[in-house]
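The values are calculated or read from the model by the stated rules, or taken from the named source; none is laboratory data. Keep in mind that what you see is a predicted model, and the values were worked out from it rather than measured. Because the Cβ atoms are built from the backbone with ideal geometry, glycine has one as well, and the counts that use them run over all protein chains shown. Calculation scope for accessible area: heavy atoms of the full protein, side chains included, ligands and nucleic acids excluded. Shrake-Rupley method; radii C 1.70, N 1.55, O 1.52, S 1.80 Å.
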Amino acid sequence: MCINTALYRRMPRTLTCISHYLNTDFFVFCSKMANFESKSKKKGTFPGSNMEQTLVILKPSTIRRFLVGDVLTRFQHKGLIISGIKMMQLDETILREHYAHLVDRPFFPDLVESMTATPVIVVCLKGKDAVAVVRAMTGSTNSRNAAPGTIRGDFGMSGQENIVHASDSPENAAVEIKRFFHPDEIFDYLPCALRLLYAPDEL
Ligand code: UDP
Ligand code: MG
(Lines give C-alpha, C1' and ligand atoms only; values in the text may rest on other atoms or scores of the structure.)
(Ligands and ions follow the chains in the order given, each with its own letter.)
Protein backbone atom coordinates (compact mmCIF):
# COMPACT_ATOMS: atom_id res chain seq x y z
CA MET A 1 0.00 0.00 0.00
CA CYS A 2 1.22 3.49 -0.79
CA ILE A 3 2.63 5.06 2.35
CA ASN A 4 0.63 8.27 1.95
CA THR A 5 -2.56 6.26 1.55
CA ALA A 6 -1.69 4.23 4.62
CA LEU A 7 -1.10 7.40 6.62
CA TYR A 8 -4.34 8.88 5.40
CA ARG A 9 -6.35 5.79 6.30
CA ARG A 10 -4.96 5.86 9.82
CA MET A 11 -5.73 9.54 10.33
CA PRO A 12 -8.48 10.20 12.89
CA ARG A 13 -11.61 11.81 11.45
CA THR A 14 -10.85 15.28 12.85
CA LEU A 15 -7.36 15.24 11.40
CA THR A 16 -8.79 14.10 8.09
CA CYS A 17 -11.09 17.13 8.03
CA ILE A 18 -8.22 19.45 8.92
CA SER A 19 -6.14 17.89 6.17
CA HIS A 20 -9.01 18.46 3.80
CA TYR A 21 -9.13 22.18 4.57
CA LEU A 22 -5.42 22.73 4.90
CA ASN A 23 -4.19 20.55 2.08
CA THR A 24 -6.78 19.70 -0.52
CA ASP A 25 -4.19 18.18 -2.85
CA PHE A 26 -3.16 15.67 -0.23
CA PHE A 27 -6.82 14.76 0.43
CA VAL A 28 -7.60 14.31 -3.27
CA PHE A 29 -4.42 12.34 -3.82
CA CYS A 30 -5.14 9.93 -0.96
CA SER A 31 -8.75 9.38 -2.05
CA LYS A 32 -7.67 8.65 -5.61
CA MET A 33 -4.96 6.23 -4.54
CA ALA A 34 -7.39 4.37 -2.26
CA ASN A 35 -9.92 4.18 -5.11
CA PHE A 36 -7.22 3.01 -7.54
CA GLU A 37 -6.04 0.27 -5.19
CA SER A 38 -9.55 -0.97 -4.45
CA LYS A 39 -10.41 -1.13 -8.19
CA SER A 40 -7.29 -3.18 -8.84
CA LYS A 41 -8.08 -5.48 -5.91
CA LYS A 42 -11.59 -6.07 -7.31
CA LYS A 43 -10.00 -7.10 -10.63
CA GLY A 44 -8.00 -9.67 -8.64
CA THR A 45 -4.72 -7.90 -9.31
CA PHE A 46 -2.59 -5.48 -7.35
CA PRO A 47 -0.96 -2.45 -8.97
CA GLY A 48 2.40 -3.48 -10.34
CA SER A 49 1.77 -7.22 -10.37
CA ASN A 50 2.15 -7.37 -14.17
CA MET A 51 5.33 -5.28 -14.30
CA GLU A 52 8.64 -6.66 -15.57
CA GLN A 53 12.07 -6.31 -14.01
CA THR A 54 15.25 -5.80 -15.99
CA LEU A 55 18.96 -5.52 -15.23
CA VAL A 56 21.09 -2.52 -16.11
CA ILE A 57 24.84 -2.26 -15.44
CA LEU A 58 26.47 1.17 -15.45
CA LYS A 59 29.85 0.26 -16.91
CA PRO A 60 33.23 1.42 -15.47
CA SER A 61 33.63 4.08 -18.18
CA THR A 62 30.30 5.58 -17.05
CA ILE A 63 31.50 5.71 -13.45
CA ARG A 64 34.84 7.21 -14.47
CA ARG A 65 33.20 9.84 -16.68
CA PHE A 66 30.86 10.98 -13.84
CA LEU A 67 27.78 10.03 -15.91
CA VAL A 68 26.02 7.98 -13.21
CA GLY A 69 23.52 10.71 -12.33
CA ASP A 70 22.73 11.52 -15.98
CA VAL A 71 22.06 7.88 -16.84
CA LEU A 72 19.97 7.13 -13.74
CA THR A 73 18.00 10.34 -14.30
CA ARG A 74 16.98 9.12 -17.77
CA PHE A 75 15.47 5.96 -16.28
CA GLN A 76 13.79 7.82 -13.44
CA HIS A 77 12.31 10.48 -15.71
CA LYS A 78 10.91 7.71 -17.89
CA GLY A 79 9.03 6.36 -14.87
CA LEU A 80 11.02 3.19 -14.23
CA ILE A 81 11.13 2.12 -10.60
CA ILE A 82 14.51 1.34 -9.03
CA SER A 83 13.94 -2.02 -7.28
CA GLY A 84 17.60 -2.64 -6.48
CA ILE A 85 20.87 -0.75 -6.82
CA LYS A 86 24.42 -1.37 -5.64
CA MET A 87 28.08 -0.89 -6.51
CA MET A 88 30.16 -4.01 -7.02
CA GLN A 89 33.50 -5.08 -8.45
CA LEU A 90 33.17 -7.59 -11.30
CA ASP A 91 35.77 -10.24 -12.09
CA GLU A 92 36.52 -12.51 -15.03
CA THR A 93 34.51 -15.40 -13.58
CA ILE A 94 31.23 -13.52 -13.47
CA LEU A 95 31.95 -11.87 -16.85
CA ARG A 96 32.54 -15.26 -18.51
CA GLU A 97 29.07 -16.22 -17.31
CA HIS A 98 27.43 -12.91 -18.13
CA TYR A 99 29.03 -12.59 -21.57
CA ALA A 100 29.08 -16.35 -22.33
CA HIS A 101 28.04 -15.60 -25.93
CA LEU A 102 31.23 -13.56 -26.43
CA VAL A 103 34.01 -15.53 -24.67
CA ASP A 104 35.46 -16.80 -27.97
CA ARG A 105 35.49 -13.39 -29.64
CA PRO A 106 38.91 -11.70 -30.09
CA PHE A 107 37.81 -8.60 -28.17
CA PHE A 108 36.79 -10.59 -25.06
CA PRO A 109 40.05 -9.91 -23.09
CA ASP A 110 39.62 -6.17 -23.75
CA LEU A 111 36.00 -6.40 -22.65
CA VAL A 112 37.05 -8.06 -19.37
CA GLU A 113 39.71 -5.40 -18.81
CA SER A 114 37.19 -2.65 -19.48
CA MET A 115 34.46 -4.15 -17.28
CA THR A 116 36.83 -4.73 -14.33
CA ALA A 117 38.61 -1.36 -14.50
CA THR A 118 36.56 0.02 -11.60
CA PRO A 119 33.45 -1.16 -9.75
CA VAL A 120 30.19 -1.02 -11.72
CA ILE A 121 26.72 -0.02 -10.55
CA VAL A 122 24.09 -2.72 -11.03
CA VAL A 123 20.47 -1.62 -11.12
CA CYS A 124 17.23 -3.57 -11.20
CA LEU A 125 14.51 -1.51 -12.88
CA LYS A 126 10.80 -2.27 -12.74
CA GLY A 127 7.96 -1.17 -15.01
CA LYS A 128 5.45 -2.39 -17.54
CA ASP A 129 7.40 -3.90 -20.50
CA ALA A 130 10.55 -2.76 -18.71
CA VAL A 131 12.91 -5.01 -20.71
CA ALA A 132 11.91 -3.63 -24.13
CA VAL A 133 11.56 -0.07 -22.83
CA VAL A 134 15.07 -0.07 -21.34
CA ARG A 135 16.63 -1.71 -24.42
CA ALA A 136 15.02 0.95 -26.62
CA MET A 137 16.34 3.70 -24.33
CA THR A 138 19.82 2.10 -24.43
CA GLY A 139 20.22 2.08 -28.23
CA SER A 140 22.40 0.01 -30.60
CA THR A 141 25.49 -1.76 -29.27
CA ASN A 142 27.90 0.49 -31.14
CA SER A 143 27.39 3.96 -29.67
CA ARG A 144 28.40 5.58 -32.94
CA ASN A 145 25.43 3.93 -34.65
CA ALA A 146 23.04 4.43 -31.74
CA ALA A 147 20.25 6.90 -32.46
CA PRO A 148 20.45 10.37 -30.89
CA GLY A 149 18.14 10.41 -27.90
CA THR A 150 19.26 6.98 -26.73
CA ILE A 151 21.71 6.66 -23.85
CA ARG A 152 24.49 5.20 -26.00
CA GLY A 153 23.66 7.63 -28.82
CA ASP A 154 23.92 10.64 -26.53
CA PHE A 155 26.82 9.69 -24.26
CA GLY A 156 29.16 7.41 -26.23
CA MET A 157 31.46 7.09 -29.23
CA SER A 158 32.49 3.45 -28.83
CA GLY A 159 31.25 -0.07 -29.50
CA GLN A 160 32.84 -1.40 -26.33
CA GLU A 161 32.67 1.59 -23.97
CA ASN A 162 28.94 1.88 -24.53
CA ILE A 163 27.78 3.23 -21.14
CA VAL A 164 25.37 0.51 -20.00
CA HIS A 165 24.46 -3.14 -20.22
CA ALA A 166 20.73 -3.85 -20.49
CA SER A 167 19.00 -7.26 -20.48
CA ASP A 168 17.76 -8.27 -23.93
CA SER A 169 14.77 -10.49 -23.01
CA PRO A 170 12.55 -11.15 -19.98
CA GLU A 171 14.10 -14.64 -19.66
CA ASN A 172 17.66 -13.27 -19.63
CA ALA A 173 16.61 -10.45 -17.30
CA ALA A 174 15.42 -12.98 -14.70
CA VAL A 175 18.73 -14.90 -14.93
CA GLU A 176 20.84 -11.71 -14.83
CA ILE A 177 19.00 -10.21 -11.83
CA LYS A 178 19.70 -13.45 -9.91
CA ARG A 179 23.33 -13.30 -11.06
CA PHE A 180 23.96 -9.85 -9.59
CA PHE A 181 21.48 -9.50 -6.70
CA HIS A 182 20.57 -11.53 -3.64
CA PRO A 183 16.76 -11.79 -3.30
CA ASP A 184 16.82 -9.56 -0.20
CA GLU A 185 18.46 -6.77 -2.23
CA ILE A 186 15.40 -6.40 -4.47
CA PHE A 187 12.68 -4.22 -2.94
CA ASP A 188 9.03 -4.67 -3.83
CA TYR A 189 7.62 -1.18 -3.31
CA LEU A 190 5.57 1.07 -5.54
CA PRO A 191 5.95 4.84 -5.83
CA CYS A 192 3.09 7.08 -4.75
CA ALA A 193 3.15 8.61 -8.24
CA LEU A 194 2.04 5.29 -9.77
CA ARG A 195 -1.38 6.64 -10.78
CA LEU A 196 0.38 9.49 -12.59
CA LEU A 197 2.55 7.03 -14.54
CA TYR A 198 -0.12 4.53 -15.65
CA ALA A 199 -3.86 4.34 -16.26
CA PRO A 200 -5.71 1.77 -14.10
CA ASP A 201 -6.21 -0.62 -17.06
CA GLU A 202 -2.46 -0.68 -17.73
CA LEU A 203 -1.63 -2.21 -14.36
N1 UDP B 1 31.25 -5.67 -27.52
C2 UDP B 1 32.48 -5.27 -28.07
N3 UDP B 1 32.69 -5.44 -29.42
C4 UDP B 1 31.76 -6.00 -30.23
C5 UDP B 1 30.53 -6.40 -29.67
C6 UDP B 1 30.31 -6.23 -28.31
O7 UDP B 1 33.35 -4.80 -27.36
O8 UDP B 1 32.01 -6.14 -31.45
C9 UDP B 1 30.99 -5.46 -26.07
C10 UDP B 1 30.15 -4.21 -25.81
O11 UDP B 1 30.63 -3.60 -24.62
C12 UDP B 1 28.76 -4.82 -25.62
C13 UDP B 1 29.10 -6.13 -24.93
O14 UDP B 1 30.29 -6.57 -25.56
O15 UDP B 1 27.91 -4.00 -24.85
C16 UDP B 1 28.02 -7.19 -25.05
O17 UDP B 1 27.74 -7.39 -26.42
P18 UDP B 1 26.26 -7.66 -26.94
O19 UDP B 1 26.36 -8.16 -28.33
O20 UDP B 1 25.53 -8.50 -25.94
O21 UDP B 1 25.64 -6.18 -27.02
P22 UDP B 1 24.62 -5.39 -26.07
O23 UDP B 1 23.57 -6.38 -25.62
O24 UDP B 1 25.41 -4.82 -24.92
O25 UDP B 1 24.06 -4.31 -26.95
MG1 MG C 1 23.78 -8.27 -24.78
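Carbon and sulfur: what percent of the stretch 89-161's accessible surface (1.4 Å probe)? Numbers along the way, then the final one.
Details: 1880 of 3600 Å².
Here carbon and sulfur together make up 52 percent of the probe-accessible area.
What is the local net charge at ILE82, summed over the other residues whose Cβ is closer than 13 Å to its Cβ (Lys, Arg +1; Asp, Glu -1)? Mind dumping the intermediate values first?
Working: positive: ARG74, LYS78, LYS86, LYS126; negative: GLU185, ASP188.
Once all neighbours under 13 Å are counted, the net charge is +2.
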